[in-house]
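What follows is one structure encoded as structure tokens, with my remarks underneath.
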Amino acid sequence: MAKGFNKVILMGNLTRDPEVRTTSGGQSVANFSLAVNRSWKDQNGQTQEVVSYIDCVAWGKAGEIIAQYLNKGRPVLVSGRLDQRSWEDKETGGKRSKVEVVVEDFNFIDSGSGGNQKSGESETPRPSGGAKKPAAPVAEEIDDRPIDLSEIPF
């Protein structure tokens with residue numbers, strides 16, 4: 001039997017502040033939801049847009065970092081796997097299920113400016129990445145000589 005493949009990559013905005021809990025075993029888990037927009041043009045050329053709301057769960061240190069630095073409205077890129085949970089509803093006695101993204105990796109999309117910081121946080125400057133790369137040569141600076149194949153070392 002072929003081995004399955006389960007990988008999800010999403011970029012969206014948090015619909016609410018992440019909720020962090022600690023399991024009885026002492027592991028942190030953060031739950032949050034992403035709003036992911038999709039737009040297209042219909043038959044009449046009008047732009048249409050639909051929003052999907054995707055529940056996500058991040059375990060351990062990843063969940064703690066997400067809860068510390070992200071809040072409602074902030075964009076984030078997450079990758080992970082789909083997981084389906086099911087449980088008995090205590091009120092109705094029926095079976096319930098939910099599909100969510102188990103976050104395995106994430107990237108912050110913006111620097112935190114724009115008033116979306118959590119209260120009490122101050123933005124700290126990020127260290128520079130060292131010297132800047134030299135600019136690519138402009139087209140006029142590139143020699144127009146034909147390439148001599150004997151000069152290629154392989």
Next item on the list: Give the range 5-61 a look and list any residue that's of a type in the set (S, T, N, Q), under 20 Å from residue 79 (Cα atoms) and out of contact with any helix residue (DSSP H, G or I) (no Cβ under 9 Å at 6 or more places or on another chain), or say none.
Entry: 6, 13, 15, 33, 37, 52
Next item on the list: Within the range 80-93, work out how many residues are surrounded by fewer than 19 Cβ atoms within 10 Å (Cβ to Cβ) and under 19 Å from residue 19 (Cα atoms).
Entry: 2
Next item on the list: Might you check whether a residue that is surrounded by 10 or more Cβ atoms within 10 Å (Cβ to Cβ) and under 22 Å from residue 17 (Cβ atoms) occurs anywhere in the range 42-51?
Entry: yes
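Values in this text are rule-based calculations from the coordinates and carry no lab data. Quantities reported herein were computed from a predicted structural model and do not represent experimental measurements. No Cβ is skipped: glycine too gets one built from the backbone with ideal geometry, and neighbour counts run over all protein chains shown.
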